[in-house]
Structures are given as C-alpha cells and as structure tokens.
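Q: Dumping the structure here so I can ask a few things about it.
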Amino acid sequence: MTTYSPQFLGIQSAWTQEGGDKNAGEGVVIGFVDTGINPSHPSFAYDPTHPFSSDISHFSGDCETGPMFHESACNGKIVSARFFAAGAQAAANLNASYDI
C-alpha cells in the first residue's frame, strides 16, 4: 500500500490492526511488472524530511540505469528496476518513467 491507499480504499484501520503506523509496511516487498514507474512520485521518491532506511542486502536484483532513470532512483523503496523495451529507445521524447 502507498501512503494514500488506506484512505482511498476506506480501510484507515489497516495499519492499526498490524501494530500501528510507526512500522506500517515494514519488511513488505512488493514485486510487479509494469509498463512504467515514476520514481519521483512520493510513494517511491526519497524524502529527506521522512528518511527511509532499509537493509536490502538480502534482495537480489539490478538497478538498470539510463538517461531518464538515475541510479539514485533505486533508493531502498525501489530495490530493482530493469529497462526491457529496447524498441522504445528509438522513440523521440521518451520519458521512461511514464511511457514504457
């Protein structure tokens, strides 16, 4: 879940049932295949006012970087990312975070 999911889904008490907001979602890993991710979205981006730390040493995966996906995007919230649409590289004005 994202920060806004409980309110959107009408399940505000979800974290309370799991021990409270302090450690809400701690240790949860979500994997998905998608056509794009916006690493600057608040759900995924690093926020210095709410530092995020995680020991991701036991996860395997690559953070494949590119012109529009800097290595800092894999910040512990995003632990692995791959660019798999080679044909899209030929597209003009491609924003991999939104278009692939």
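Q: Which residue out of Ile100, Ile78 is surrounded by 13 or more Cβ atoms within 10 Å (Cβ to Cβ) and modelled with pLDDT under 70?
A: Ile100
Q: Quick one: what pairs do we get from the stretch 1-24, first residue under 17 Å from Lys77 (Cβ atoms) and of a type outside the set (Lys, Arg), second in a loop (DSSP other than H, G, I, E, B) and modelled with pLDDT of 75 or more, C-beta under 6 Å, 6+ apart or different chains?
A: Close Cβ pairs (under 6 Å, with a partner that is in a loop (DSSP other than H, G, I, E, B) and modelled with pLDDT of 75 or more) amount to Thr2/Ser43.
The values are calculated or read from the model by the stated rules, or taken from the named source; none is laboratory data. Small disclaimer: the values here were computed from a predicted structure and weren't measured. Every residue, glycine among them, receives a Cβ derived from its backbone with ideal geometry; neighbour counts consider all protein chains shown.
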